[in-house]
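**Student:** Got a structure for you, written out below as structure tokens; questions coming shortly.
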Amino acid sequence: MRLSAETPLPASVQAPGYDRGVQAAGIVHIGIGAFHRAHQAVYTDDAMAAGDRDWGIVGVSLRSGDVASQLNPQDGLYSVSMRSAAGSELRLIGAVQKVLVAADDPQAVVDAIAAPTTHIVSFTVTEKGYLRGSDGALDLDAAKGASSLYRFVGAALAARKASGLSGLTLLSCDNLASNGAALKALMRQYLAAEYSHLVDWFDRECCCPATMIDRIVPATTDADRAAVEAALGVRDEGAVVTEGFSQWVIEDDFAGPRPRWEKVGAELVADVAPYETAKLRMLNGAHSALAYIGLGAGHEFVHQAIADPAIRPVIERLMRDEAAPTIDAAPGQDLSAYADALLDRFANPALHHRLIQIAMDGSQKIPQRWLETLAWHQKRGRRCPSLEAAIAAWIAFLRSEHPVDDPLADKLREAAAAPDAMQKLFGDGGLIASDWRPET
Ligand code: CS2
């Protein structure tokens, strides 16, 4: 039997605390992967349980029909399992109403964003989904392509303006530096090229808050789904597995109404930058280093790599001595305590977070995770032994038998195979643009 709105559930499982049937959809979320389902959808579910109304989520997959076929037969319902060394806790999330597949029905996506009840469009499309060229500007040809977020949002904004509706909040929940400002600049570039009459309206009517989003969400495995089935008594094809920890810091700059996410654990702040920079350079920077160094040492999971006495000190130094000094901490933000907490989270033996999952898309992740830190120290005449070891491990990974899942995979492999790999990757005109230059 499959999970659905009709399924009787064991009393131990927390179910949505509101009437799902009467909520309008206030949010369209583009890129409805496991991360969104374990993070923003949980906060939104909690906000509705706390009394907010009409914040149902219409999920969108740009390409694949997988999530639609997992969730639509289940009336959008799925479970989140929170795993720690102490055990597993499971709840059902009801915030997602349905999933649209843009490749199958592009107009349905435009209509959902253009609906009068929609106030927020949020995104987890990964770094590469923003379709930036190596100079950081929009790759306009790619942005005109079938699976570009810009096409759907652009067409829907045009429809909203034409029918006299308000603008929207566009909320990037991806691990980009200054994700709100980045999305705003890219969207403006797209509109200037394709809908130039919308640019002023967009500036006036739409907001793109910055966010720092954090929860470790490994890809769900068949074993996870089997464990959930044993607990629920029904099959949940949309199950997601995560840690207990969750954090969301959001710039309080919305174009219209929003759920009161701050009532359920999110922090609404004037400036997200110190949190976002700390998260990218310490958590994500350490993660990518663990991935390449750990795979090189023969490990499979994050908790194994961080337990390796040859690796742990490298990661500690990366966070405490290399990344932390580059961050202009907010009042009350304790970077040393943050590093301690990250080490504990990485050590979680119940998560089974695969290093190869983190190793994906290195070309898109490394600039904001490592190179900004390296450039900061280089300007001051200092070296970063841990980050340099991480870069060497990335090059070794690119030369290895491991599959390289990256939009630049072929070029990266070719550059890494060259005797002057460092220059080909990071030198002037190299594949990965940044302010950091390796020693010649
Ligand atoms: C990870 C992130 O896969 C990766 O690159 O570093 O997905 C990380 O788990 C999240 O950003 C944690 O919030």
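The values are calculated or read from the model by the stated rules, or taken from the named source; none is laboratory data. On a predicted model such as this, the values are computed, not experimentally measured, just so you know. Glycine also receives a Cβ, built like all others from the backbone with ideal geometry; neighbour counts cover every protein chain displayed. The area values use the complete protein model at the heavy-atom level, side chains included, leaving out ligands, DNA and RNA. Shrake-Rupley method; radii C 1.70, N 1.55, O 1.52, S 1.80 Å.
**Student:** Considering amide H positions built from the backbone, and no H for Pro or chain starts, which residues 5 or more places from Val96, or on another chain, come under 5 Å of its amide H?
**Tutor:** Long-range HN contacts for Val96: Ile57.
**Student:** Another question, then. Excluding ligands and nucleic acids, what accessible area in Å² is computed for Asp428 using a 1.4 Å probe, to the nearest 10?
**Tutor:** Spelled out: Asp428, probe radius 1.4 Å, area about 130 Å².
**Student:** Could you work out the relative contact order of the chain? I mean the mean sequence separation of Cα pairs under 8 Å and 6+ apart, divided by the number of residues, in percent. Don't jump to the answer; show the numbers that get you there.
**Tutor:** Numbers: 805 pairs, mean separation 64.7, N = 440.
RCO, the chain: 15 percent.
**Student:** For segment 137-227, go through all pairs of different Cα atoms, get the mean of 1/r, take its inverse, and jot down that Kirkwood value in Å.
**Tutor:** Values: mean 1/r = 0.0674 Å⁻¹.
Computed over Cα pairs of segment 137-227, the Kirkwood hydrodynamic radius comes out at 14.8 Å.
**Student:** Under a 10 Å cutoff between Cα atoms, tell me which one of Glu322, Glu89, Glu276 has the largest fluctuation in the Gaussian network model of the chain.
**Tutor:** The residue that fluctuates most here is Glu89.
**Student:** Based on the mean of other Cβ atoms within 10 Å per residue, sort peptides 228-238, 283-293, 50-60 so the most packed one is first. Walk me through the numbers on the way to the answer.
**Tutor:** Details: 228-238: 18.5, 283-293: 25.6, 50-60: 20.7.
Ranked from most to least packed, the peptides come out as 283-293, 50-60, 228-238.
**Student:** Applying 1/(1 + (r/R0)^6) with R0 = 51 Å to the Cβ-Cβ distance of Glu388 and Ala270, what FRET efficiency is obtained, to the nearest 0.05? Please list the in-between numbers first.
**Tutor:** On the way: r = 36 Å, r/R0 = 0.70.
Efficiency at R0 = 51 Å is approximately 0.90.
**Student:** If you don't mind, there's one more thing I want to ask. If I build a Gaussian network model for the chain, linking alpha-carbon pairs within less than 10 angstrom, which residue out of Thr326, Thr242, Thr118 has the largest mean-square fluctuation?
**Tutor:** Thr326
**Student:** Another one. Using only Cα atoms, locate the centre of segment 117-140 and the centre of segment 21-88, then give the distance between them in Å, rounded to an integer.
**Tutor:** Result: 20 Å between the Cα centres.
**Student:** Let me ask something else about it. Spelling out what I want: for every residue of segment 389-402, take phi, set θ = phi - 60°, compute 6.51 cos²θ - 1.76 cosθ + 1.60 (Karplus), and round to whole Hz; glycine and proline get x.
**Tutor:** With the stated coefficients, segment 389-402 comes to 5, 5, 5, 4, 5, 5, 5, 4, 4, 5, 8, 8, 7, 4 Hz.
**Student:** Of His39, His197, which has the most accessible area and how do the rest follow, probe 1.4 Å? Intermediate values should be presented prior to the final figure.
**Tutor:** Details: His39 0, His197 115 Å².
Descending accessible area places them as His197, His39.
**Student:** Give me the one-decimal nm value for the distance between modelled label points at Ala146 and Ala11, 7 Å along each residue's Cα-to-Cβ direction.
**Tutor:** About 5.2 nm separates the two model spin labels.
**Student:** Between segment 242-317 and segment 194-210, what is the C-alpha centre distance in whole Å?
**Tutor:** The distance from the Cα centre of segment 242-317 to that of segment 194-210 comes to 30 Å.
**Student:** Subtracting the Cα-Cα distance from 0.36 nm times the residue separation, let me have the gained length for Gln247 to Asp420 in nm, one decimal. Mind dumping the intermediate values first?
**Tutor:** Numbers: separation 173, 0.36 × 173 = 62.28 nm, distance 4.09 nm.
Result: 58.2 nm gained on full extension.
**Student:** A further question on this structure: Along its three principal axes, how long is segment 294-440 when you only count alpha carbons? Whole Å, largest extent first please.
**Tutor:** On the principal axes, segment 294-440 reaches 42, 37, 25 Å in Cα extent.
**Student:** What is the set of long-range amide H partners of His29 at a cut-off below 5 Å, with H atoms built 1.01 Å from backbone N?
**Tutor:** Result for His29 returns Val58, Gly59, Val60, Ser122.
**Student:** Can you tell me the length gained on complete extension of the stretch Lys379 to Ala108, counting 0.36 nm per residue apart and subtracting the Cα distance?
**Tutor:** Working: separation 271, 0.36 × 271 = 97.56 nm, distance 4.98 nm.
Full extension from Lys379 to Ala108 adds 92.6 nm.
**Student:** Considering every Cα-Cα pair within segment 20-269, what fraction, in whole percent, is farther apart than 30 Å?
**Tutor:** Working: 7222 of 31125 pairs.
Percentage above 30 Å: 23.
**Student:** Here is a further query. Can you list, largest first and rounded to whole Å, the semi-axes you get for the chain by taking the square root of 5 times each eigenvalue of its Cα gyration tensor? Provide the component values of the computation, followed by the final result.
**Tutor:** Values: eigenvalues 233, 153, 83 Å².
Equivalent-ellipsoid dimensions as semi-axes: 34, 28, 20 Å.
**Student:** For the chain, give the share of DSSP beta bridges that are antiparallel, in percent and rounded to the nearest 5; count only bridges with both residues there. Before the final figure, lay out each step's value.
**Tutor:** Working: 13 of 40 bridges.
Bridges in the chain that DSSP calls antiparallel: roughly 30 percent.
**Student:** Let me ask you something else. Pick out which of Cys208, Cys384, Cys173 has the largest mean-square fluctuation in a Gaussian network model of the chain, springs linking Cα atoms closer than 10 Å.
**Tutor:** Cys384
**Student:** Given 0.36 nm per residue, what is the gain on full extension from Ala162 to Lys263 after removing their alpha carbon distance, in nm? Show your work: numbers first, answer last.
**Tutor:** On the way: separation 101, 0.36 × 101 = 36.36 nm, distance 3.52 nm.
Gain on extension, Ala162 to Lys263, equals 32.8 nm.
**Student:** Of all DSSP beta bridges located in segment 20-269, what percent are antiparallel, nearest 5? Don't jump to the answer; show the numbers that get you there.
**Tutor:** On the way: 12 of 37 bridges.
About 30 percent, rounded to the nearest 5.
**Student:** Going through the cross-link list Lys144/Lys379; Lys98/Lys128; Lys144/Lys411; Lys98/Lys263; Lys98/Lys144; Lys263/Lys365, which pairs have a Cα-Cα distance over 28 Å in this structure? Walk me through the numbers before you get to the answer.
**Tutor:** Values: Lys144/Lys379 38 Å; Lys98/Lys128 25 Å; Lys144/Lys411 24 Å; Lys98/Lys263 25 Å; Lys98/Lys144 26 Å; Lys263/Lys365 32 Å.
Correct reply: Lys144/Lys379; Lys263/Lys365.
**Student:** Using the Kirkwood radius built from alpha carbon pairs, what does the Stokes-Einstein equation give as D for segment 16-60 at 10 °C and 1.306 mPa s, in µm² per second? Before the final figure, lay out each step's value.
**Tutor:** Numbers: Rh = 10.6 Å.
In µm²/s, the coefficient rounds to 150.
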